[in-house]
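Scroll down for the structure; my scribbles are underneath it.
The values are calculated or read from the model by the stated rules, or taken from the named source; none is laboratory data. This structure is a prediction, so every number in the text was calculated from the model and none was measured. Every residue, glycine as well, gets a Cβ built from its backbone with ideal geometry; the counts of neighbours run over all protein chains shown. These accessible areas exclude ligands, DNA and RNA; they are computed on the full protein's heavy atoms, side chains included. Shrake-Rupley method; radii C 1.70, N 1.55, O 1.52, S 1.80 Å.
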Amino acid sequence: MVVIYRIAWIKGDGVGPEVSEASLEVISAIEKIYGVSFDIRFYDAGDDCLKRRGVALPEDAIEGIKNSDASIKGPVGKTAADVIVRLRQMLDLYANIRPIKSYPGIRAVGEIDVVIVRENTEDLYKGIEFEVDGAVIAMRIISERASRRIAKVAGEIALNRRRHVTIVHKANVLRKSCGLFLRIAREELSKYSVDVRDMLVDAASMALIRDPGSFDVILTTNMFGDILSDEAAQIAGSIGIAPSGNIGDSLAIFEPVHGAAPDIAGRNIANPHAMILSCSMMLEWLSRRRGDGRLLRASRAIEDAVIKSIRAGCRTPDIGGSMRTIEVGRCVSKIILGEL
């Protein structure tokens, strides 16, 4: 029986359509070489969607994601809170996994190979804010349940890496919220055969630059993880090489860490590697879900092709090259096809 995997795809705003087109070249090559078939269905979401349809996240996009085997989205602009933050909370995509690594051929601040495991549904990103007597109050939600399950994810990931987890927090000031997160994380990680340390977020920000190689898995809360992952990506050389996954118990949405970059939209110079590597993450996750070894081999082939393409000089301007977005996608595709 032929298995066809349904993929929901949101191209997004700004450079989203450009990096999507480059990534679709890679997906096409995967279908030809690895004998897997994808039914890719495109949905609207984001700023442009809001202008055209009056809503940033239409119901058909939500249902499309719910009814797909996996989903991928490009960056969206000012409506991010109405799109991806809403989807994370609505679909309980509680684990935001952001692997950051330096690749040969890209000028990096330092050698880095880290996975940031970010709680994805709580914290200040709940967006609960109100005004009282000229002051704005924002509620920071940190629960035992969410802290425990994200710590489990970090422990599982660490077991398959270098077995070291750094819990990043600010419990010396945020004694209740970060205090609970730290306590529950340590309690849960004690069940795994991994080394655990904790670090204040400001100290971790400095240590990432000073000694990035000392980090393996970083476990942290929503907002801290958002900030640290951008910093880590720049240490690796560019946010244009940083993929991510928003993962729940049954659904997942994969996306590049970078934003819509309206300043370069339409110029075809955006780096598609983050989106291409997000496709690789998607196939790895889908392989585990469906027990299809072809998808795992395809996932590894994509990352290998990205590494080879960078070495071969297939680079956009942000990483020292002069290629256009679609040209990089075609370069990665040709490597997978054995044509380059």
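Summary of computed values
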| read-out | value |
| --- | --- |
| Residue-normalised accessible area of segment 239-340, expressed per residue, 1.4 Å probe, Å² | 40 Å² |
| Positive-end residue, the chain charge dipole about Cα centroid, Cβ charges, pick of A260, G134, G64 | G64 |
| Sequence-separation-based contact order of segment 144-260, relative, with Cα cut under 8 Å and 6+ spacing, percent | 26 percent |
| 10 °C / 1.306 mPa s Stokes-Einstein diffusion coefficient of the chain, Kirkwood radius on C-alpha pairs, µm²/s | 78 µm²/s |
| Cysteines, the chain, no other Cys beta-carbon under 4.7 Å | C49, C178, C279 |
| Simple Cβ-charge dipole of segment 191-340, Lys/Arg +1 and Asp/Glu -1, about Cα centre, in debye nearest 20 | 740 debye |
| Percent accessible area from carbon and sulfur atoms, segment 185-340, protein chains only, probe 1.4 Å | 48 percent |
| Segment 163-237: trypsin sites (Lys or Arg not before Pro) in DSSP loop, at most 12 other beta carbons within 10 Å | R175, K176, K191 |
| Rounded to whole Hz, the Karplus (6.51, -1.76, 1.60) HN-Hα couplings of segment 22-28, x for glycine and proline | 5, 5, 5, 4, 5, 4, 4 |
| Accessible-area composition of segment 35-124, carbon plus sulfur, in percent [1.4 Å probe] | 47 percent |
| Dipole magnitude (debye, nearest 20) for the chain, charges at Cβ of Lys, Arg, Asp, Glu | 780 debye |
| DSSP bridge orientation in the chain - percent antiparallel, rounded to nearest 5 | 45 percent |
| Probe 1.4 Å, protein heavy atoms only - accessible area per residue of segment 1-104 in square angstrom | 40 Å² |
| Options L337, A146, W9, ranked by Cα towards positive dipole end of the chain, top entry (Cβ charges) | L337 |
| Measure of compaction for segment 1-88 (Cα Rg per 2.2 N^0.38 Å) | 1.14 |
| 0 to 90° range, to nearest 10: angle between helix 201-210 axis and the chain longest Cα axis | 50 degrees |
| Calculated [θ] (222 nm, deg cm²/dmol) that DSSP helices of n ≥ 4 give over the chain, each run adding -39,500 (n - 2.57) | -13500 deg cm²/dmol |
| Length gained when the stretch K191-D60 is fully extended (0.36 nm per residue, less Cα-Cα span) | 43.0 nm |
| Cα gyration tensor shape of segment 225-340, rounded if a/c is under 1.5, else prolate or oblate by comparing a/b with b/c | oblate |
| Largest-first ellipsoid semi-axes for segment 107-220, taking √(5λ) over the Cα gyration tensor eigenvalues, angstrom | 27, 18, 12 |
| Taking the chain and dividing mean pair separation by its residue count, relative contact order in percent (alpha carbons under 8 Å, at least six apart) | 24 percent |
| Which of L180, A298, N271, positive extreme of dipole for the chain (C-beta unit charges) | A298 |
| Lysines with Cα under 23 Å of K176, excluding same-chain neighbours fewer than 8 positions away | K126, K152 |
| Inter-centroid distance (Cα atoms) of segment 227-267 relative to segment 287-302, Å | 22 Å |
| Descending semi-axes in Å of segment 44-107, equivalent ellipsoid built from Cα gyration tensor | 26, 16, 11 |
